[in-house]
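The structure appears below as structure tokens.
The values are calculated or read from the model by the stated rules, or taken from the named source; none is laboratory data. These numbers were taken from a predicted model, which means no experiment stands behind them. Note that each Cβ is placed from the backbone with ideal geometry, even for glycine, and that neighbours are counted across all protein chains shown.
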Amino acid sequence: MAGVTDRQAAPYDRAVDPNTARALLRLPPDHPVTLDEIDAAYLAATWDRHPSRYPEGEERREAEAWARTLSAARESLINAGTPATPPAPTPGDPRARRRPWVVVGIVAGSIAGLGAVLAAGLFLASAAVSAASTAAERQEAQSEIATDRYDADYTAYSFPAGLEVYSDGRLWQDCPPDEVRGCWQMAVLPEADCARLVVTVGYTDEYTATVPDAVERLTFDDAKSGSPTYVTFADDDYRFGWIQDVECVAPGS
């Protein structure tokens, strides 16, 4: 992508009509799309101009503006109507464990610092106490919009735990420093205390993959029931990643 036009650099909260949204996400204009297809197109489009690939400066700001425009395009398509629903996986289908959050995470990492940028912009707009209060409320609202939640019944992990998936870059400072393309940012919420929690993450290059091409096991100590255990993970060799399973290898006392 050679550059970012004024239209492409529209603010995050500016409406994008569905036809323009399809064009921005390179989706065909004439047939229904599923939520998975929208998210996959969103991820691919964001990947082309990843903000973390640019140093601080004009190119970085343009890439962040482009990411916000793509996010607005995604929201426009979702809000335009209920996307077509793909067939439910049959029992034993590995995709049943894969869940919809496979395609979410790397976009969260790609807009590293975006939440901080928005918060700073809101704060600088006015020094008045009432304006600061409004800014805090807007930041909280943005945080809620950028959080997808799944309960333990839905995740079906070996050790019951809910999941939160973040798409606003709030954990970007915890991204692995040797992975330059951002990271997946999530939180596991166990339903019981666990002295040692093991989180298995999977990676693949294929959106339609039913099993990961590579796995990584991450260990966390003293996980508390109902409290978020933040998980950031990345592998520049792969485009998609997700939390495959959660296990407790040392129960809490």
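Taking the criterion of being among the aromatic types (Phe, Trp, Tyr) and within 12 Å of Asp245 (Cβ to Cβ), no residue of region 185-228 qualifies.
One residue stands out in region 238-253 among those that are within 18 Å of the chain's Cα centre (by Cα) and outside any strand (DSSP E or B): the one that is modelled with the highest pLDDT, namely Tyr238. Scanning region 169-187 for residues that are in contact (Cβ under 8 Å) with a residue 12 or more places away in the chain and either out of contact with any strand residue (DSSP E or B) (no Cβ under 8 Å at 6 or more places or on another chain) or more than 22 Å from Leu43 (Cβ to Cβ) (or both) gives Glu179, Val180, Arg181, Gly182.
Residue-wise test of (1) out of contact with any Asp or Glu (no Cβ under 8 Å at 6 or more places or on another chain); (2) in the same structural domain as Glu64 (by TED's automatic domain parsing); (3) part of a strand (DSSP E or B).
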| residue | (1), (2), (3) |
| --- | --- |
| Tyr157 | no, no, no |
| Gly162 | no, no, yes |
| Pro177 | yes, no, no |
| Ala192 | yes, no, no |
| Ser225 | no, no, no |
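In region 190-203, of all residues being farther than 13 Å from Val231 by Cβ and free of Cβ contacts under 8 Å to residues at least 60 places away in the same chain, the one that is surrounded by the most Cβ atoms within 10 Å (Cβ to Cβ) corresponds to Cys194.
In this structure, is Gly182 over 22 Å from Asp36 (Cα atoms) and outside any strand (DSSP E or B)?
Numbers: over 22 Å from Asp36 (Cα atoms): no; outside any strand (DSSP E or B): yes.
Criteria not met by Gly182.
Please verify whether region 16-28 includes one or more residues that are in the same structural domain as Arg74 (by TED's automatic domain parsing), at pLDDT 70 or above, assigned to a loop (DSSP other than H, G, I, E, B) and surrounded by 18 or more Cβ atoms within 10 Å (Cβ to Cβ). Yes, the conditions are met somewhere in region 16-28.
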